[in-house]
Amino acid sequence: MIRDSLVWLLTTFDWFVLIYFVAINTSYLALIVFAIFSFKDHLRRAPIARLEDIYANPLAPPVSVLMPAYNEEAGIVESVRAMLALRYPALEVVVIDDGSSDGTLDRLDEVFDLVAVPRVQPGRIPLKGDVITVFESRLADGLVVVQKRNGGRADALNVGIDFARSELICMVDADSILDPDALLHVVQPFLDDPENVVGSGGVVRVVNDKTVKSGRVVDVHMPHKWLPRIQVVEYLRAFLLGRTGWSRIGTLMIVSGAFGLFRRDLLFELGGLDTATIGEDAELVMRLHHLMRQQHREYKIVFVSEPVSWTEVPDTNAVLARQRRRWSRGLAEVLWKHRSVMLNPRYGRVGMLGAPYYLVFELLAPIVEIFGVLAVVAGLWLGLVNIQFGIVFALVAVGYAVLISVTALAVEELSFHRYDDWADLRIALVAAVLENFGYRQLTAVWRLQGLWAALRGTAPEWGVMTRKGFNTAGAEAQP
Amino acid sequence: MSFAAHSVIALYAVAIVVMLLVILMAVARSVRLRRRTRTERIAAPLRPMLIRLMAADEIDEDALETLVRLPDSEWHAIEPRVFALLDKVRGRAAEAIDGLLRSRGAVARSLDETTSRGAVKRANAIVRLASLRRREYAGIFERMLQDADKDVRRAAAVGLGKVGRPESVAPLLGCVTGRRTVSPLVIGDALARIGPGAAETLAVMLKSGTLLQRKLAAEVLGRVGATSAETALAGAARTDPAEKVRATAVEALGKVGTWDAVDTLLDVAVADPAVPVRCAAIMALAEHSGTGVVATLERALGDNDYDIAHVAAYALTQLGLAGRDVLERAAARPELSAAGHATEALAAADLDEQLGRRATRRVLV
Amino acid sequence: MAATVLVADDDPDIRDLLEFKLTHCGYKVHVAEDGPSALAAALEYKPDLAVLDIMMPVMSGLDVARTLRENHETAAMSILMLTARAQESDVARGFGVGADDYVLKPFSPRELISRIEAILTRVAR
């Protein structure tokens, strides 16, 4: 009797898993289709919406770029150089040294000749780690460095927001290098619709093993190692296409911490970022949705697919594992904290579509991916499901997924085509297969661990990402 | 068919789709690379011709001849670049390019394409016509401000910035709100390029338009430096119901205002209920001197609001010895909130002087 | 002796046009396509006058001008700023860093040459 029910349970579960995989891959396909429409619009607009007009336009709103840094001495100078070299008419760069124990501040001083300035702290957002000193640079106009006691990334950003002088705040990572025209692009939504746009985000791409010269990524090729190569494909599918798709249907729920632009006055209203959360960037956007809906304000958060923030991604399993555990845990925390939006019509598409999607197809996916696969294998072995089921399952879980990844590559090729070498295309195709043949399963394990940790409420692990710095070509130029 | 057969077919289907995508990518890449090299190959020997055409004091007949005689396919590869040259030069150089374009019928073609069914074609046609900078096209652009496609509207607005006349101001302002809008930034820029001739219409809009229109009108009046609009701006600064409009009007008043504006600025700096408006007034006062100004700023320096005190401190650094005096006295009394701001402003001003740079980034409030 | 002019602009059409025209008028011309190369060229060739585009990537024309004025080897160089930005504050900033003249784009090449000649004549006196 019990054996019968178990058999029935396992069989049903197996079918459920099959349907789940069909659903998740089809959802990616849907996002890709939405993204294609966006790209078409965007690309035909490109020659007409001339960036020169914005650059020369004195009405372009000033932007403060905030860069929180913790032990970043390897790449901080290059990142800051890249920010200062951004083409934008009114820009300031605020680096927040979050109590680094290495030479981050010293490196900045060496290159930019810092001088302490007695700034009054506005105190508009409560802070955890005290501010020690504020510096300006003798050589670089518009660079501000704030030295503070360690308080975490969210706290560092809050200090930056407090000291920032512009009405628009752009938050980036200390290991991000923005394309020179990135700000001109990511600020466009604010220019097109100044009354309603409250936030915008750009694309994050993989910078590993690319040459950086004078603050610009000059040589775009696939990374040397396979792990980052696979992440290139993953980022194309999930970030470039995924986020563009969500944005197209007005359901953008996450703006990457490596490249987000927000209105400063709203950040004050929100009280800054949440220092108690790991996924502080996603959490901020959710709170923004809350605020706007509660106040019944028309608003838009837009993803712009052209501007790029080049970021270093983990190239070892250990570091990647930590990152994915952290992401999973962050997502769990955010969804739990904002569970009131789940299937709540007051939150429109975010509540009815976005949040449930992230719960079922992002957060809980690793459960299905691991236990589901195990259950199917068990089912096959016990003869509960036949071999055809096994084949269909393989098709759907792997074949369909590879198809999606290759589609993502094709869309990238037809739209932005940032990788010009034929060799890069070949490598990308192999990576697209490998992504679904081992990589996804591996990351599923780590994501599951992150989810488990979130459920148990253990202390979060940030770990140390050993920065390799950037592949700088040529001698040090002047800042 | 059996399930097994179905699944095998599905397997093949997936593989085939993947193959097709790969082929698509390869083809797209080849086409793109070939097109790029082709354009460069064609353009390379022609660029010196264009340069000579522009550089010559009298018409360079040889260069003109070569370019006019180009086969159509080659001409089309470089036509957009030739139009783009008109945005870089003017005078005789531009006349030479203009002549070349006419000879090739490019102008007539572009006029034709403004009525094309494809929005991209229409928009590109406007961009090209706009480079010619001819007043006679202003009417066309004004009409196309109401086009259904937003890129066409945008191109038309930018075009009016290049050739617009005072009559274009009202249609441009009409695009700020409504169903067929254009980005206020683009409209603002276009209005500013039309220049002081726009001031009259803008002053009227300052009183009667929607919030966005009034704000834009104030902004542009500040940019074109229209002292004739001073009264209208002063009125808006005092009485407009919207905070954003008052703040913008105050800013504009600071840029164009004469001595008479100082009274308005002083009143607003003290009495306006909204902090951003008072801040704007204080900033604007940094351009003027006089005992009334310094006294008002000294009071503002002691304000509890960070923004007000901060801006007041900065403004005082711009007011010579009298301003400095106030700051140094305030800095010497650390028990008051004003001291911090004063110290900050003095240190910043000293640093700027040392480095020989203007304090343009100090306050981007 | 022919005067030397440095032309710095990231737009190849403008670089080529000015190089052609200035050479035609008897000047010796060097070109640069961004801030850092402009500085390097200025230090190496010590031109009599530099035409600097403001909106260049990496390092703007204003920064180049400022650096030239701070370096005693190049402090006396004449500087003409060329730009599409016409705001009053930009013009002030341009003169503020020590430019001798300020020309807006779109510009007339003939007029630009006249201005260059005027500056160099003034200096020669």
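The values are calculated or read from the model by the stated rules, or taken from the named source; none is laboratory data. Since the structure is predicted, the reported quantities are computational estimates derived from the model, not experimental observations. A quick note on method: Cβ atoms are made from the backbone with ideal geometry, for glycine too, and the neighbour counts reach across all protein chains shown. Heavy atoms of the whole protein, side chains included, go into the accessibility calculation; ligands, DNA and RNA do not. Shrake-Rupley method; radii C 1.70, N 1.55, O 1.52, S 1.80 Å.
The figures follow:
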item: Subset of the stretch C:32-44 [open to solvent by less than 60 Å² (accessible area, probe 1.4 Å) and of a type outside the set (D, E, K, R)]; result: C:32, C:35, C:36, C:37, C:38, C:39, C:40, C:41, C:42
item: Matching residues, the stretch A:190-207, being among the hydrophobic types (A, V, I, L, M, F, W, C) and under 19 Å from residue A:251 (Cα atoms); result: A:190, A:197, A:198, A:203, A:204
item: Answer from B:214, B:278 - the residue that is modelled with pLDDT of 90 or more, among the charged types (D, E, K, R), closer than 25 Å to residue B:301 by Cβ and assigned to a helix (DSSP H, G or I); result: B:278
item: Selection within the stretch B:267-277 - surrounded by fewer than 21 Cβ atoms within 10 Å (Cβ to Cβ) and closer than 21 Å to residue B:227 by Cα; result: B:267
item: Residue within the stretch C:59-71 that is in contact (Cβ under 8 Å) with a residue 40 or more places away in the chain, closer than 23 Å to residue A:139 by Cβ and surrounded by 15 or more Cβ atoms within 10 Å (Cβ to Cβ) present; result: yes
item: Residue selected from the stretch B:23-48 under the condition away from chain A (no Cβ under 14 Å) and among the charged types (D, E, K, R), by the criterion farthest from residue C:24 (Cα to Cα); result: B:38
item: Flag for residue B:313 being under 24 Å from residue A:118 (Cβ atoms), crowded, with 24+ Cβ neighbours inside 10 Å and of a type outside the set (Ser, Thr, Tyr); result: yes
item: Residue match in the stretch A:162-172 (condition: more than 10 Å from every other protein chain (Cβ to nearest Cβ) and surrounded by fewer than 20 Cβ atoms within 10 Å (Cβ to Cβ)); result: no
item: Helices (runs of 4 or more DSSP H) contained in the stretch A:310-414 and holding at least 1 residues more than 14 Å from chain B (Cβ to nearest Cβ) and not polar (S, T, N, Q); result: A:317-337, A:373-381
item: Residues being among the aliphatic types (A, V, I, L, M), under 31 Å from the mean Cα position of the chain (by Cα) and open to solvent by 60 Å² or more (accessible area, probe 1.4 Å) - total across the stretch A:1-21; result: 1
item: Test: residue A:432 is closer than 29 Å to residue B:26 by Cβ, crowded, with 21+ Cβ neighbours inside 10 Å, more than 7 Å from every other protein chain (Cβ to nearest Cβ) and more than 21 Å from the chain's Cα centre (by Cα); result: no
item: Matching entry among A:81, A:107 (being among the basic types (Lys, Arg) and surrounded by fewer than 22 Cβ atoms within 10 Å (Cβ to Cβ)); result: A:107
item: Hits in the stretch B:211-236 - residues which are of a type in the set (Val, Ile, Thr) and under 14 Å from the mean Cα position of the chain (by Cα); result: B:220, B:224
item: Number of the condition not met by residue A:424 [criteria: (1) touching a His at 6+ places or on another chain (Cβ under 6 Å); (2) not in a helix (DSSP H, G or I)]; result: (2)
item: Test: residue in the stretch B:252-263 that is closer than 27 Å to residue B:199 by Cα, open to solvent by less than 40 Å² (accessible area, probe 1.4 Å), among the β-branched types (Val, Ile, Thr) and not in a loop (DSSP other than H, G, I, E, B); result: yes
item: In the stretch C:87-105, residue most open to solvent (accessible area, probe 1.4 Å) [restricted to those that are modelled with pLDDT of 80 or more and out of contact with any helix residue (DSSP H, G or I) (no Cβ under 7 Å at 6 or more places or on another chain)]; result: C:95
item: Every residue from the stretch A:118-160 that is open to solvent by less than 30 Å² (accessible area, probe 1.4 Å), within 12 Å of chain B (Cβ to nearest Cβ) and among the charged types (D, E, K, R); result: A:136
item: Which numbered condition residue B:85 fails, given (1) surrounded by fewer than 17 Cβ atoms within 10 Å (Cβ to Cβ); (2) within 11 Å of chain C (Cβ to nearest Cβ); (3) not hydroxyl-bearing (Ser, Thr, Tyr); result: (1)
item: Every pair of residues 6+ apart whose Cβ atoms lie under 6 Å, when the first sits in the stretch A:91-106 and is away from chain B (no Cβ under 14 Å) while the second is among the polar types (S, T, N, Q) and outside any strand (DSSP E or B); result: A:97/A:104; A:98/A:150; A:99/A:150; A:100/A:71; A:102/A:71
item: Residue count, the stretch B:49-70 (criterion: open to solvent by less than 70 Å² (accessible area, probe 1.4 Å) and either more than 13 Å from chain C (Cβ to nearest Cβ) or assigned to a helix (DSSP H, G or I) (or both)); result: 12
item: Among (1) within 14 Å of chain B (Cβ to nearest Cβ); (2) not in a loop (DSSP other than H, G, I, E, B), the one test that residue A:183 misses; result: (1)
item: Residue tally, condition closer than 19 Å to residue B:34 by Cα and either surrounded by fewer than 21 Cβ atoms within 10 Å (Cβ to Cβ) or among the aliphatic types (A, V, I, L, M) (or both), over the stretch A:401-418; result: 5
item: Hey, residue B:19 within 12 Å of chain A (Cβ to nearest Cβ) and either surrounded by fewer than 18 Cβ atoms within 10 Å (Cβ to Cβ) or farther than 30 Å from residue A:422 by Cβ (or both) or not; result: yes
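Quick grid of which residues meet (1) closer than 21 Å to residue A:307 by Cβ; (2) at pLDDT 90 or above:
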site: A:6; (1), (2): no, no
site: A:29; (1), (2): no, yes
site: A:74; (1), (2): no, no
site: A:90; (1), (2): yes, no
site: A:94; (1), (2): yes, yes
site: A:99; (1), (2): no, yes
site: A:108; (1), (2): no, yes
